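Beneath this line is the structure, given in structure tokens, with notes to follow.
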Amino acid sequence: MEGAAQTVLSNAGQLLGAEYRLLRGVGSEVAELRDDLATMNALLRMQSEAEDGAVDHFAREWMKQLRELACDAEDCVDLYKLRIKCRPNDGVRAWLERLLGTLLRRRRLASEISALRARAVAVSERHARYGVDRDALRRSPSLSGPPVLAASASAHALRPANGPAADHHQLVGIDDQARSLVERLKERVNEERYLKVFSVVGFGGGGKTTLAMEVCRRLEAEFPCQAMVSVSQAFEPGRDLKALLKRVLQQVVKFKTENERGVKEEGDLGGIDDLDEQHLADKLKESINDKRYLIVIDDVWTIRAWEAIQFVLPENNCGSRIIVTTRIEMVAKSCSTASVSGHGIHQMEPLKLEDSKKLFLSRAFGSVDASYPEELEDVMGNILKKCGGLPLAIVSIASVLVGYRSSGSKDKWETISKSIGSQMESNPTLEGMKHIVTLSYNHLPHELKGCIMYFSIFPEDYEINKDRLLTRWIAEGLVPEKRGLTVMEVAESYLDELVSRNMIVPHFGYDGKVESCRVHDMLLEVMVSKSLECNFISLLGGQYAAMSYDRIRRLSIQGDDDMRPQGAQQHKKKMTGQGIGGMDVEHVRSLSMFQLQTHKLLDHLDKLSLLRVLDLEDCEGLTNDHMIYVCRLYLLRFLSVKGTNITKMPPQVGKLEHLQTLDTRGTFLGGLPETMINLENLERIHFRNKHAWNVLWNLPRGLRKMKALREVDIAFLRDDVQVARELGELQQLQSIGMYIHDCQYNSEFLRELALSLSKMYSLRRLDISNMNIGNGKMTFLYNLPTPPRLLRHLRIEGVLDDGLPSWIGSLTYLVEFTIMRTRLVGDQLFGVLCKLPNLKSICMDQDFCNDEVLVVRKSHNFPVLSNLIVTYKPQRPKVFQFEQGSMTRLETLQIGFNNAERSIVGIEHLTKLKEVQLTGNKHNPSLRRALDQLKAENTRRPQSNQLQVVVKYY
């Protein structure tokens with residue numbers, strides 16, 4: 001059941017043997033404690049893999065004691081590393097001083113180890129005394145076997161898992177509801193032109209959001225001005241209303257339909273970030289005052305939140321509509337303008353049995369009409385009956401069963417059917433949904449349980465960047481090492497597995513890989529419940545203001561101090577008095593702050609000496625003074641100050657020898673101290689000044705010491721032969737962005753740089769630019785002895801007099817290629833790239849070409865190229881010409897016009913083209929001609945193959 005077990009016990013077991021052995025006089029105690037912890041680890045894993053009904057209340061309490069004991073043992077290990085262990089850079093004198101100065105601490109530590117050992121014995125004796133059957137914790141044989149695989153990931157449970165793209169608009173079992181709601185929204189829209197509000201109400205996971213999105217899709221013609229925004233459970237008008245208005249504006253202003261041309265034009269949103277709430281409301285009113293709009297306000301939890309939102313939404317006389325989705329009946333009645341008659345409220349209906357079966361089959365067997373073993377018919381009917389027509393419940397169970405589809409699986413199906421329980425046999429409740437989601441959780445492999453529970457740290461509806469999530473998993477010890485794989489590759493496989501099981505909602509990039517993700521609200525509720533139960537996390541602020549905790553391990557603060565009710569504040573004062581504001585923070589290992597301007601805990605960071613993860617992204621209250629305390633947190637592995645207002649990084653950051661990830665993007669830092677070279681375990685460093693693009697991290701001498709480096713977001717490489725040579729010694733480096741000094745006359749530097757690049761056999765991303773904006777040469781790229789052949793992403797900015805280096809044509813893994821200021825001519829660009837088997841995207845920026853006409857020839861038949869981008873900056877070429885048979889797989893074409901004369905020739909030859917995006921000055925006649933050309937192309941094309949044309953005016 002508990003994913004936390006793997007973290008604390010694996011770390012404690014390993015570290016106890018490696019570290020405590022150095023303490024004289026306690027070796028035997030350490031050995032005994034280590035053996036006890038190994039036994040506890042096995043028992044906790046057995047509990048994690050046991051069926052839900054096999055673990056009773058006594059067993060849970062016993063396991064809780066084991067977890068706390070294991071955590072305390074690990075704390076003891078880290079305190080030794082923090083206060084007693086000699087540092088790698090300590091000299092003889094420092095070593096002697098530490099040895100003599102820590103005698104009392106060593107004696108205290110030995111005493112703590114003895115106490116832990118005594119606790120372990122007491123827990124074991126208590127277990128034996130009360131006679132818990134250890135066999136009850138073993139997984140049922142009927143559920144053993146390889147991990148089950150889920151159907152394809154989907155953003156909405158009601159969508160079919162597979163099938164052609166056209167079928168993705170056919171939502172299983174929701175067509176009738178969508179048709180009914182569409183008719184109600186359209187009813188008398190031309191006669192009763194006042195604003196109407198409709199509510200969609202139902203349980204979480206019942207398809208409310210999916211229904212609202214489908215209604216919007218069907219009403220695009222009648223309501224061309226649309227927006228959809230989500231409201232979290234913790235919505236506070238004073239804090240969140242401005243962001244909500246901004247999201248609405250970005251959607252309703254983004255696309256204005258130009259009816260006479262049939263072209264979507266993107267409106268002007270300049271300066272929107274600088275507007276306050278009132279001016280945003282005024283701009284929204286101005287933008288849609290004379291337009292018929294349809295806005296979806298998704299997942300409203302309180303009447304107060306709705307009233308605040310309603311107050312700022314403009315009421316016009318155009319027959320506009322608002323759809324509110326909510327889980328709460330009273331909120332739905334308050335929102336709807338026809339609540340008395342009930343006409344304005346749509347109650348989500350459970351799926352009919354036939355539709356439930358279709359959805360189940362699509363998830364478990366791949367299609368709605370799939371064949372399946374006849375012996376499964378009856379048990380499938382029982383499962384569907386218990387699911388009660390709730391889409392999320394159906395998808396959860398189907399995802400569990402996808403691994404048991406062959407003949408002979410009936411026993412497994414029946415076991416799972418029985419474990420669902422009786423809660424789903426009548427009208428479903430939140431507890432019924434919780435049981436279904438819990439079942440899906442229980443069938444995760446042991447190592448994934450901690451990873452899915454980790455989502456409970458983040459607020460509701462929070463979009464989590466993939467890299468941020470994975471690096472935090474690693475820093476927390478949730479991802480073990482596996483032979484033949486890096487820890488990051490293991491973490492990515494875990495994320496992919498969770499996506500495949502439909503337990504998280506992913507956002508995919510153009511390359512088909514997950515860029516960010518979030519958790520379904522119902523799953524989050526279940527994970528929060530489980531995490532609090534086993535003390536995996538502690539939540540404070542907002543709706544968790546009144547929570548109290550005996551001992552805090554992972555702390556997530558999701559609201560400001562003054563949000564805590566008065567009674568809760570008094571309760572906190574009655575607590576033990578340890579730490580800050582009554583909280584015992586001595587054992588905190590992970591601290592995350594969300595939606596905060598400041599928090600009093602920032603002034604006491606020095607109390608959190610055991611911190612491994614400190615995530616302060618967008619925390620405006622962080623100051624340079626706080627950073628002094630941060631740099632004393634010796635055990636830190638993950639540190640993010642992204643989006644904060646700090647201006648200086650203390651040199652003491654070089655003492656954080658365990659640090660793996662440092663993220664300083666979006667700050668006011670002018671650089672990083674030279675002591676960074678002492679961070680020999682640092683794997684990822686992200687540095688970007690908030691306003692100045694040319695303020696970069698200067699790669700320092702001594703760089704070779706940073707052997708663990710894998711990712712460098714962007715840095716500056718000055719004219720230094722030694723640094724250029726040391727760069728080649730970073731054999732683990734997979735991603736780097738570099739601006740190099742314009743040193744075309746320093747041949748030794750350029751020779752060493754080319755040699756270093758050729759040594760980076762692990763490199764996946766290379767972004768390299770010359771700081772000389774006018775005539776910076778990149779000729780040294782021709783002299784690479786061997787290219788980094790595993791490159792996926794390559795960006796080159798600088799003059800290439802002789803065309804692209806020939807070795808680029810050998811980069812068979814290359815997915816994305818970007819050039820700028822290269823000044824190429826003829827076929828120097830496409831002639832090199834056209835045969836690359838995995839190239840999906842080409843971006844061409846300022847001065848990439850010196851020709852008046854850029855021709856994409858028939859021979860330039862890129863195997864998989866789907867995206868071609870030309871920014872608005874370059875004056876040349878003036879003509880883009882596509883020959884018949886060229887770029888046969890191109891789906892998206894983006895071309896910038898600005899004020900330049902520009903034209904597109906042969907667009908009819910791009911047979912797979914789906915979308916064209918144009919940017920430029922609204923009064924540019926060549927842009928108007930291009931729009932007319934695209935309109936004519938759509939007239940020629942069949943209805944099923946129409947181009948989507950979008951224009952954005954500067």
Exercise for the section: Please state which one of 948, 943, 875 is within 23 Å of residue 851 (Cβ to Cβ) and open to solvent by 30 Å² or more (accessible area, probe 1.4 Å). Expected result: 875
Exercise for the section: Might you let me know whether segment 544-559 holds any residue that is surrounded by fewer than 19 Cβ atoms within 10 Å (Cβ to Cβ), modelled with pLDDT of 75 or more and under 18 Å from residue 638 (Cα atoms)? Expected result: no
Completion exercise
By residue number, the members of segment 777-791 that are in a loop (DSSP other than H, G, I, E, B) and either among the hydroxyl-bearing types (Ser, Thr, Tyr) or surrounded by 19 or more Cβ atoms within 10 Å (Cβ to Cβ) (or both) are 778, 786, 787, 788, 791
Problem - Any chance residue 898 is surrounded by 15 or more Cβ atoms within 10 Å (Cβ to Cβ) and at positive phi - result: yes
Completion exercise
All-but-one check, residue 814 against (1) within 23 Å of residue 910 (Cβ to Cβ); (2) modelled with pLDDT of 95 or more; (3) open to solvent by 20 Å² or more (accessible area, probe 1.4 Å), failing number (3)
Completion exercise
Residue pairs within 8 Å by beta carbon, gap of at least six or interchain, first lying in segment 606-625 and within 17 Å of residue 75 (Cβ to Cβ) and without any contact (Cβ under 8 Å) to a residue 12 or more places away in the chain, second outside any loop (DSSP other than H, G, I, E, B) and open to solvent by 10 Å² or more (accessible area, probe 1.4 Å), listed first then second, are none
Handout entry: segment 842-854, subset open to solvent by less than 30 Å² (accessible area, probe 1.4 Å) and assigned to a strand (DSSP E or B), residue farthest from residue 779 (Cα to Cα)
Key = 854
Fill in the blank from the handout: Of (1) touching a strand residue (DSSP E or B) at 6+ places or on another chain (Cβ under 7 Å); (2) within 21 Å of residue 474 (Cβ to Cβ); (3) of a type in the set (A, V, I, L, M, F, W, C), residue 723 fails just (2)
Completion exercise
Among residues of segment 878-898 being in contact with a Phe, Trp or Tyr (Cβ under 9 Å, 6 or more places away or on another chain) and assigned to a loop (DSSP other than H, G, I, E, B), the residue nearest to residue 948 (Cα to Cα) is 890
Practice task
Would you mind telling me which numbered condition in (1) on the phi > 0 side of the Ramachandran plot; (2) surrounded by 15 or more Cβ atoms within 10 Å (Cβ to Cβ) residue 512 fails?
Solution key: (2)
Practice task
Would you tally the residues in segment 632-646 being of a type outside the set (Val, Ile, Thr) and either surrounded by 22 or more Cβ atoms within 10 Å (Cβ to Cβ) or in a strand (DSSP E or B) (or both)?
Solution key: 6
Handout entry: Residues within segment 799-808 that are of a type outside the set (A, V, I, L, M, F, W, C), under 21 Å from residue 759 (Cβ atoms) and open to solvent by less than 50 Å² (accessible area, probe 1.4 Å), tallied
Key = 1
Fill in the blank from the handout: Selection from segment 716-763 of residues open to solvent by 40 Å² or more (accessible area, probe 1.4 Å), of a type outside the set (Lys, Arg) and not in a loop (DSSP other than H, G, I, E, B) yields 722, 747, 748, 755
Completion exercise
Here the qualifying pairs (Cβ atoms under 7 Å; residues six or more apart or on different chains; first in segment 852-872 and farther than 14 Å from residue 831 by Cα and in contact (Cβ under 8 Å) with a residue 60 or more places away in the chain; second surrounded by fewer than 22 Cβ atoms within 10 Å (Cβ to Cβ) and among the basic types (Lys, Arg)) come out as 866/840; 866/889; 867/840
Handout entry: Qualifying residues in segment 826-841 (those that are in a loop (DSSP other than H, G, I, E, B) and crowded, with 20+ Cβ neighbours inside 10 Å) - the one nearest to the chain's Cα centre (by Cα)
Key = 840
Handout entry: Residue match in segment 683-694 (condition: farther than 20 Å from residue 767 by Cα and assigned to a strand (DSSP E or B))
Key = no
Completion exercise
Scanning segment 444-494 for residues that are open to solvent by 20 Å² or more (accessible area, probe 1.4 Å) and closer than 14 Å to residue 617 by Cβ, the one farthest from the chain's Cα centre (by Cα) turns out to be 462
Fill in the blank from the handout: Flagged pairs (Cβ under 7 angstrom, 6 or more apart or on separate chains; first in segment 825-843, under 18 Å from residue 892 (Cα atoms) and touching a residue at least 60 places away in the same chain (Cβ under 8 Å); second of a type in the set (Val, Ile, Thr) and surrounded by fewer than 20 Cβ atoms within 10 Å (Cβ to Cβ)) are 840/864
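The values are calculated or read from the model by the stated rules, or taken from the named source; none is laboratory data. As the structure is a prediction and not an experimental result, all values here were calculated from the model. Reconstructed Cβ throughout: ideal geometry from the backbone, glycine too, with neighbour counts over all protein chains shown. Remember, those area values only see protein heavy atoms, side chains included, never the ligands or the DNA or RNA. Shrake-Rupley method; radii C 1.70, N 1.55, O 1.52, S 1.80 Å.
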